[in-house]
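The values are calculated or read from the model by the stated rules, or taken from the named source; none is laboratory data. Predicted model, so just to flag it, every value in this text is computed and none were measured. As a convention, Cβ positions derive from the backbone with ideal geometry for all residues, glycine included, and neighbour counts pool all protein chains shown. SASA here: full protein model, heavy atoms, side chains in, ligands and nucleic acids out. Shrake-Rupley method; radii C 1.70, N 1.55, O 1.52, S 1.80 Å.
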Amino acid sequence: MKPQATFPAPVLIAATADLAALCERLAAEPYVTVDTEFMRERTYFPQLCVVQLGGATDVAVIDAQAPGLDLAPLGALLANPSVTKVFHACRQDVEIFLLKFGAVPTPIFDTQIAAMVAGFGDQVGYDTLVSSLAGGGIDKAHRFSDWQARPLSAAQIEYAAADVTWLRRVYEALRDRLERDSRFDWVAEEMAVLAEPGTYRTEPEEAWKRLKLRGANRRQLALIQAIAAWREREAMRIDIPRQRVVKDEQIPELAAIAPSNPDDLTRVRGLSKGFAEGKSGTSLLAAIREAKSLPDSALPLLPRANEFLKPSPAMVALLKVLLAECASAHHVAARLIASSEDIDRLAGEDAPDLPCLHGWRAEIFGTDALRLKAGKIALAARGKRIETIDLPA
């Protein structure tokens, strides 16, 4: 059995005065660990239920749904530039705070990204880091708990508190490792992305890119884009999951039918007469009508016609081998160096502007990748390793 460290007993916070006092104490510390519990199964926007904060001597579980609780002291702490906010896999947590307070917490440190730089692989789980770096274990029994139910049970409070207590040990171990290896600047770019509010905002006009499209022509693509954008706005307006407005598979069908009236809408499987004749159906028909009126000159280009040439599969394979070897040699997650899309662009474009061709990524991978493309180096197997060999000019 893994040893369990001794942490301060968690305190449930449900009153504004208690929250203010807690945040005042934590504001004097160099860093605070943060986590949230939320629900979004029935809504478009996440419903904040609990916020956990961990300090040197404080472990607090904040009941964000407590009657009369003002979360303003928490917002002030999250905005305090002298206190680092430590999360693990922070994107959903930060999205919630951006919606609640209108700003991204600053500064941010994400232990999942730091672990990728420190050699723990792609998207390493929190429980793995707790075990590897802190010698602890996480009880997963309440991972799918109903966090909107009240009162919170003692077991729920203990579970929630564990997420920010062990996180302190994980953060300190990763921080020390990054300092030892002089790799803090390696994570700076990723942290900067997390600090940008645009990272968490969904633009309705970009929603169509989530869909798997096949065989659409330019006119159908214009309709698909319009319908997907409408769905995103409608889901936001009603605050329900986008799939409950219109399902993904219904969007291409709507674009193919291009309905002009409520009766046409009901020809799409799953769309009821009530929907077709209601406010949602009326606004959907208006969006379709506008897209149908676009002149040919305003129609979007099909994705492949507007992107890079299809890359050589052989070049993609070679670059992936080089990436895997560089990632292994430097103990960095390959995905943090270059994504699959980056590799495709690198293989297919003459002069792409990619993160892997700048800074530390270029030093460990990008420069050699360009040399490989140019025929200046070759790859050779040496036992279990792949080595680069300079070729004559």
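Give me the net charge of ALA229's neighbourhood, meaning all other residues with Cβ under 10 Å from the Cβ of ALA229; Lys, Arg count +1, Asp, Glu -1.
In short, -3.
Quick one: which residues, 5+ away or cross-chain, put their amide H under 5 Å from the amide H of ILE13? H built at 1.01 Å from N.
So ILE13 has HN proximity to VAL61, ILE62, ASP63.
Excluding ligands and nucleic acids, what accessible area in Å² is computed for GLU253 using a 1.4 Å probe, to the nearest 10?
GLU253 has an accessible surface of roughly 70 Å² with all protein chains in place.
Enter the Cα centre distance for the pair the stretch 196-262 and the stretch 83-121, rounded to the nearest angstrom.
Spelled out, the Cα-based centre of one part sits 29 Å from the other.
What residue among GLY102, GLY383, GLY198 has the largest mean-square fluctuation in a Gaussian network model of the chain, using Cα springs under 10 Å?
Per the Cα network of the chain with a 10 Å cutoff, GLY383 tops the list.
Just from the alpha-carbon atoms, what are the Rg and Dmax of the chain in angstroms?
25.2, 74
Which of the lysines could a cross-linker bridge to LYS140, judged by Cα under 18 Å and excluding same-chain residues fewer than eight apart?
The qualifying lysines are LYS2.
Using modelled amide H (1.01 Å from N, peptide plane; none on Pro or chain starts), what sits under 5 Å from the amide H of GLN47, excluding residues fewer than 5 places away?
Counting only residues 5 or more places away or on other chains, the set is MET39, ARG40.
If Lys and Arg each add +1 and Asp and Glu each add -1, what is the summed charge of the other residues whose beta carbon sits under 12 Å from the beta carbon of HIS142?
For residues surrounding HIS142, the net value is -3.
Calculate for the chain the 222 nm mean residue ellipticity that helices alone would give, adding -39,500 (n - 2.57) per DSSP H run of length 4 or more and normalising by residue count, nearest 500 deg cm²/dmol.
On the way: 17 runs with 178 residues, N = 393.
Result for the chain, helices only: -13500 deg cm²/dmol.
Would you mind counting up the charge near VAL246? Only other residues with Cβ under 9 Å from its Cβ, with Lys and Arg at +1 and Asp and Glu at -1.
Local net charge: +2.
Which of the lysines could a cross-linker span from LYS320 if the Cα-Cα distance has to be under 29 Å and same-chain partners fewer than 8 positions apart are dropped?
Result set, ordered by chain and number: LYS209, LYS212, LYS310, LYS373, LYS376, LYS384.
Please work out the C-alpha center-to-center distance from the stretch 334-369 to the stretch 41-78 and express it in whole Å.
Value for the Cα centre distance between the two parts: 39 Å.
Please state the charge dipole magnitude for the stretch 317-393, taken about the Cα centre, from unit charges on C-beta atoms (+1 on K and R, -1 on D and E), reported in debye and rounded to the nearest 20.
340 debye
Got a sec? Charge dipole of the stretch 21-69, +1 on Cβ for Lys and Arg, -1 for Asp and Glu; which of VAL51, MET39, VAL61 is way out at the positive end?
Value computed over the given set: MET39.
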